[in-house]
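Any read-out appearing in this document is the output of simple, stated calculations on the displayed coordinates, not a laboratory observation. For clarity, every value in this text was computed on a predicted model and none was experimentally measured. A quick note on method: Cβ atoms are made from the backbone with ideal geometry, for glycine too, and the neighbour counts reach across all protein chains shown.
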Amino acid sequence: MSVTTDLCAPLAVLGHDVQVPLVNGEKVAYAALDYAASSPALQRVWDDVAAYAPYYGSVHRGAGYLSQLSTDLFEQSRRTVEEFLDLREGDQVVFTRATTDSLNLLAGALPAGTEVFVFETEHHASLLPWRRDGLTVSYLRAPRSHAEAVAALDTALAGAGEGTKLFCVTGASNVTGELWPVAELTRTAHRYGARVVLDAAQLAPHHRVSVRELDVDWVAFSGHKLYAPFGSGVLAGRRDWLDAAEPYLAGGGATRTVAREADGSVAVEWNSGPARHEAGSPNVIGAYAIAAACRALSEAGFDALEAREQQLIARLKAGLAEIPEVKVLSLFGDTPLLTDVARVGVLSFVVQGWNSSHFSAALSAEYGIGVRDGLFCAHPLVRTLLGGEEAPPSECGAPEASLPGERSLNAIRVSFGAGTPDEHVDRFLTAVRELVTDGAAWSYRSEGGRCVADTRRAA
């Protein structure tokens, strides 16, 4: 299936020409279709980081030229992220390690007695940080439509007490790619005096995120999903709860003054603002990489990037719809391949008669296609979509690999973005059709919890 288009070309990413071995001994250009886990770094980001690398120096308080240069670059990166997120006056950007780190930071800063509301459909990074002393968590059942999600939140908040409340919501599902009604949910939460934190890990790489327009109180995202290498992330939004909380990490940079008291104890005055929660030597290269990605995406234009991605999504959905054995997982649409369910380039599915680990292994070994199988660190959601089946746990929630023919208790996820060429989607669809029609060309076995090709035996 081929569709001509005048849309923008894919953005240049690292690894686009990497050759990987197939089980038959040949090599093929790798088709990276696991963007939802970690996207490849944009070439532009890598070039920007490489240009800065010789000038790397300590950040803050250094008197030397390279230290001052690095400090300026670090703080300018903060301003770039502020612009990228369209923050309100008075909002701040705190650099973290990733979305998980950001949401755990916020959880530690919530006032004692806060009640947190979160749908069970969240990624574990936004589902689990609130389980700590002093907080109460209300887990809301999986909604099956936008309207049901808004109504469920309204009902939950209407029955809550008068204390401090926080609602956590994803912008786009890491399992189905479906967009959530963030603006409507935020209006509902604010009507009851609840604050809102948006998990934008899957949204920010695909869509413009305006904190001002969505009116969320905080937003969190990761660099490694935003085409930036290195372990860095962002928590951006209101200052008050963060300034009132104990620092996330105690150490240099978080302190304004430290003094010995007469009784031998140590008195500490903590900084306010981002520095309060950025103790230690900051990851200046990681922050700069995020800023470079923000600039690159903004300059490419989200309208053009979204239009091209929607064309790829339509191609993928139409191709899978032609294969009756494929069932696409959807939370908000009973017939997702036939309806216009708004989504980013993330889609999960199961194949009748196949274990998902076996199918994913065959895509890799026989076609050079990288996807992901498992529960995607969203166990309650995937189990809901699969009909409530329990799966034995292993690393990151993927069930132990089963041998070919055993029923799958997990799913396959294909995901893509601004760097994905049309050929990768076409190759994926061809591979799915051939595997469903003809079966795998090689035998597979379970090894170390994964299903792998047996290089000694063809099927």
To the nearest 20 debye, the stretch 45-299 has a Cα-centred charge dipole, built from +1 on Lys and Arg Cβ and -1 on Asp and Glu Cβ, of 160 debye
For helix 356-367, what angle does its Cα long axis make with the longest principal axis of the chain, in degrees from 0 to 90 and rounded to 10? 80 degrees
On a 0 to 90 degree scale, rounded to 10, what angle separates helix 146-158 from the longest Cα axis of the chain? 40 degrees
Under 17 Å between alpha carbons, and skipping anything fewer than 8 positions from LYS327 in its own chain: which lysines qualify? LYS317
Given DSSP loops and a limit of at most 16 other Cβ atoms within 10 Å, what is the longest stretch of the chain that contains no such trypsin sites (Lys or Arg not before Pro)? 240-406
Ranking THR255, SER39, LEU429 by how far each Cα lies towards the positive end of the charge dipole of the chain (+1 on Lys and Arg Cβ, -1 on Asp and Glu Cβ), the top one is THR255
Ranked highest first by average number of other Cβ atoms within 10 Å, how do 99-106, 319-326, 199-206 line up? 199-206, 99-106, 319-326
Report D for the stretch 45-299 in µm² per second (integer): Stokes-Einstein, Kirkwood Rh on Cα pairs, 25 °C, 0.890 mPa s. 129 µm²/s
Beta bridges per DSSP with both ends in the stretch 45-299, % antiparallel, nearest 5: 50 percent
With the convex hull built on the alpha-carbon atoms of the stretch 10-52, volume per residue in Å³ sits at 91 Å³
Quick check on the chain: of the DSSP beta bridges with both residues there, what percent are antiparallel, nearest 5%? 65 percent
Kindly rank 416-422, 298-304 from highest to lowest mean number of other beta carbons found within 10 Å of each residue. 416-422, 298-304
Once all Cα-Cα distances of the stretch 226-327 are split into 10 Å bins that start at 0, what whole-number percent is in each one? 12, 24, 23, 17, 13, 7, 3, 1
Fraction of the pair-distance distribution of the stretch 138-223 above 18 Å, Cα-Cα pairs, percent: 40 percent
Cα-centre dipole for the stretch 1-77 with unit charges at Cβ (Lys and Arg positive, Asp and Glu negative), debye to 20: 180 debye
Using alpha carbons only, how many degrees (0 to 90, rounded to 10) separate the axis of helix 65-85 from the longest principal axis of the chain? 70 degrees
Could you pull the Rg and Dmax for the chain, using just the Cα atoms, both in Å? 23.2, 81
Most packed first (mean Cβ within 10 Å per residue), the peptides 356-368, 167-179 order as 167-179, 356-368
DSSP beta bridges in the stretch 163-304, what fraction antiparallel, as a percent rounded to 5? 60 percent
Rounded to the nearest 500, what is the chain's calculated 222 nm mean residue ellipticity when only DSSP H runs of at least 4 contribute -39500 (n - 2.57) each, over all residues? -10000 deg cm²/dmol
